[in-house]
1. When the residues of region 62-79 are narrowed to those that are in a loop (DSSP other than H, G, I, E, B) and charged (D, E, K, R), which ends up farthest from Arg13 (Cα to Cα)?
2. Can you tell me how many residues within region 61-79 are open to solvent by 100 Å² or more (accessible area, probe 1.4 Å) and either in contact with a Ser or Thr (Cβ under 8 Å, 6 or more places away or on another chain) or among the acidic types (Asp, Glu) (or both)?
3. In region 6-17, what residues are on the phi < 0 side of the Ramachandran plot and open to solvent by less than 60 Å² (accessible area, probe 1.4 Å)?
4. I need the full set of residues from region 18-41 which are at pLDDT 90 or above and either open to solvent by 90 Å² or more (accessible area, probe 1.4 Å) or of a type in the set (Ser, Thr, Tyr) (or both), in order please.
5. Does any residue in region 62-75 that is within 14 Å of Val27 (Cβ to Cβ) and in contact (Cβ under 8 Å) with a residue 12 or more places away in the chain come within less than 6 Å, Cβ to Cβ, of a residue that is hydroxyl-bearing (Ser, Thr, Tyr) and surrounded by fewer than 10 Cβ atoms within 10 Å (Cβ to Cβ) six or more places away or on a different chain, and which pairs are these?
Amino acid sequence: MYAVLETGSKQYRVAAGDTVEIEHLDVEAGKSFTFDRVLLVNNEGKVTVGAPTVASASVVADVVEHIRGEKKIAFKMKR
């Protein structure tokens, strides 16, 4: 069983037990978060596609930790 959800203007394919890095959520680490924008659900071959979302479908995830990505340096060249 897997689902495709949308958060932060990006789509993620998730299944039970997956660990996914996504954009920052306003939830403390250790708490659970419910994703309501589920676009597709596949349950043992039975595929349900939403228009645009699947009605009454949600994905519950636990927030493990908040991390920062590596710092990006931008240069502007001037003549």
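The values are calculated or read from the model by the stated rules, or taken from the named source; none is laboratory data. Everything numeric in this text was worked out from a predicted model, so none of it was measured. Please note: Cβ atoms are built from the backbone with ideal geometry, for glycine as well, and neighbour counts cover all protein chains shown. For the accessible areas, the whole protein counts, side chains as well, though only heavy atoms, and no ligand, DNA or RNA atoms are used. Shrake-Rupley method; radii C 1.70, N 1.55, O 1.52, S 1.80 Å.
1. Across region 62-79, the extreme among qualifying residues is Arg79.
2. 4
3. Applying the first criterion (on the phi < 0 side of the Ramachandran plot) to region 6-17 yields 6-7, 10-16.
Of everything in region 6-17, those that are on the phi < 0 side of the Ramachandran plot and open to solvent by less than 60 Å² (accessible area, probe 1.4 Å) turn out to be Glu6, Thr7, Tyr12, Val14, Ala15.
4. Scanning region 18-41 gives Thr19, Glu21, Asp26, Glu28, Lys31, Ser32, Thr34, Asp36, Arg37.
5. Here the result reads Asp62/Ser32, each pair linking region 62-75 to a residue that is hydroxyl-bearing (Ser, Thr, Tyr) and surrounded by fewer than 10 Cβ atoms within 10 Å (Cβ to Cβ).
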